[in-house]
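The values are calculated or read from the model by the stated rules, or taken from the named source; none is laboratory data. Treat the numbers as computed from the prediction; the structure is a model and nothing was measured. Every residue, glycine among them, receives a Cβ derived from its backbone with ideal geometry; neighbour counts consider all protein chains shown. Just so you know, the surface numbers come from the protein's heavy atoms only, side chains and all, with ligands and any DNA or RNA stripped out. Shrake-Rupley method; radii C 1.70, N 1.55, O 1.52, S 1.80 Å.
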Amino acid sequence: MNLDTGYLKQHAEFYKNQLLNDTIPFWFPKSIDEEFGGYLLMRDRDGSLLDDDKAVWIQGRATWLLATLYNTVEQKKEWLEGAKKGVDFLLNHCFAEDGQMYFHVTRDGKPIRKRRYFFSETFAVIAFAAYGKASGDKKTGKMARGLFDKCIAYSTGEIELQPKFENTRPSKGIGVPMIMMNTAQQLRETIGEPTCSECLSAVQAGIDKWITEIETYFVKDDIKCVMEQVAPDGSIIDHIDGRTLNPGHAIEGAWFILHEAKYRNNDKHLIELGCKMLDYMWERGWDKEYGGILYYRDVYNKPVQEYWQDMKFWWPQNEAIIATLLAYTMTGNEKYKQWHQQVHGYAYTKFHDKEFGEWFGYLHRDGTVAQPAKGNLFKGPFHLPRQEWYCWKLLEEIARV
């Protein structure tokens, strides 16, 4: 396989520099809440504080990031101490009496809101696991494994969560197998050590199951599409919600599967599956007029209900950058190099804030900034730094081979 080594080396240096000298300094250390713990992440364009509430999702994600930097980049004391601030806040303030985690709390940890799903828990799992590895604290690693078991119980219905819809039109979404697969992958890379072979085998079995679910029910070869939700038997629900696609989300799922293929010594079937998912949703999601990944599409090209359907959000671009680079480095197919060039060039031209650093979160379809905030209940230090970290480390590993 012939890869453009000059191209890969150039981008390895670029992602490393952006991560360490642009993205991370925008958030840390100023976002660490020294008074109450956790992080203050609702930031305006210049990094000034917009609001001191805390999204539990992003508390977990930021904890994971700091611990992962400590584990994989440099053992900086401030990163480990910063990660502990997140772990402590999650443990002390983010679990309700019924054991479910909150979604939104005040600065000092008073509850504001839950959601009817368990994504706060999955991000806490990866936070605890990464910190457990960084600190050597086996207790935190054990908590990660126990909370992951609880996520499995939520996902199977063994533990029931309050339903969002009545059962008139039952459906299931790709989000659950996707996030469970990636959470399991993170567990494997942190607490899945040889001394924990039982943990490792259970995690591996889960990953197999969630990949099979995605491939069986959500990947539609006949119409070249990856569905966001389907009926329990995998059929398309021909109503507005059932027809709505999220190309960036499916592309994120594609790189999770390509990552798994890489872990399994370039498993041929998983490479084909991940590339197929990327191909299908690039075709449906890439804006051929203005560039960038569109937010929502309809499976039959009918009008989409959500008014933000043609906007460009930051995170689908991050996922597409990872997916195209993985696909190129694993297959050598020049198409994926070209796609990577397209999405990388678009994203760092349109989203990156050259004056204050980091990325804008939300653009209009034509690439103009819709609003300048860098952090809110949904955006924080995760998708962008994860992309820059992952791509840098991927290319660094290739250069060593």
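Things worth noting here:
- The share of accessible area on the chain that comes from carbon and sulfur is 49 percent, using a 1.4 angstrom probe.
- Whole-Hz ³J(HN,Hα) from phi, Karplus 6.51 cos²θ - 1.76 cosθ + 1.60, for the range 17-25, glycine and proline x: 5, 4, 4, 7, 10, 10, 6, 4, x
- Among 118-128, 376-386, the order from most to least packed when residues are scored by Cβ within 10 Å on average: 118-128, 376-386
- Normalised by the number of residues in the range 52-162, the average gap of Cα pairs under 8 Å and 6 or more apart makes the relative contact order 29 percent.
- Put simply, the amide H of His104, placed in the peptide plane, has neighbours under 5 Å in Val56, Ile112, Arg113, leaving out anything fewer than 5 places away on its chain.
- Amide hydrogen neighbours beyond the local backbone of Ala370, cut-off 5 Å, H modeled: Tyr362, Leu363, His364
- Average accessible surface for the chain: 43 Å² per residue, computed with a 1.4 Å probe over protein heavy atoms with every protein chain in place.
- Evaluating 6.51 cos²θ - 1.76 cosθ + 1.60 at θ = phi - 60° for every residue in the range 309-320, the Karplus couplings come out as 4, 9, 6, 10, 8, 5, 6, x, 5, 4, 5, 5 Hz, glycine and proline recorded as x.
- Placing +1 on the Cβ of every Lys and Arg and -1 on the Cβ of every Asp and Glu, with nothing else charged, gives the chain a dipole about its Cα centre of roughly 260 debye.
- Accessible-area rank, largest first, for Arg169, Arg107, Arg61: Arg169, Arg107, Arg61, with all protein chains present and a 1.4 angstrom probe.
- For the range 52-162, a crude dipole built from +1 on the beta carbon of Lys and Arg and -1 on the beta carbon of Asp and Glu, taken about the Cα centre, is about 160 debye to the nearest 20.
- Top positive-direction residue, dipole computed over the chain with Cβ charges, set Trp64, Cys151, Gly175: Trp64
- For Asp51, nonlocal amide neighbours, meaning residues 5 or more places apart or on other chains whose placed amide H falls under 5 Å from its own, are Met42.
- Protection proxy ranking of 344-356, 255-267 - average other beta-carbon atoms within 10 Å, highest first: 255-267, 344-356
- Nitroxide proxy distance, nm - points 7 Å out along Cα→Cβ at Phe14 and Leu91: 4.1
- Distance between the pseudo-spin-label points of Gln338 and Ile236 (7 Å out from Cα toward the beta carbon): 2.7 nm.
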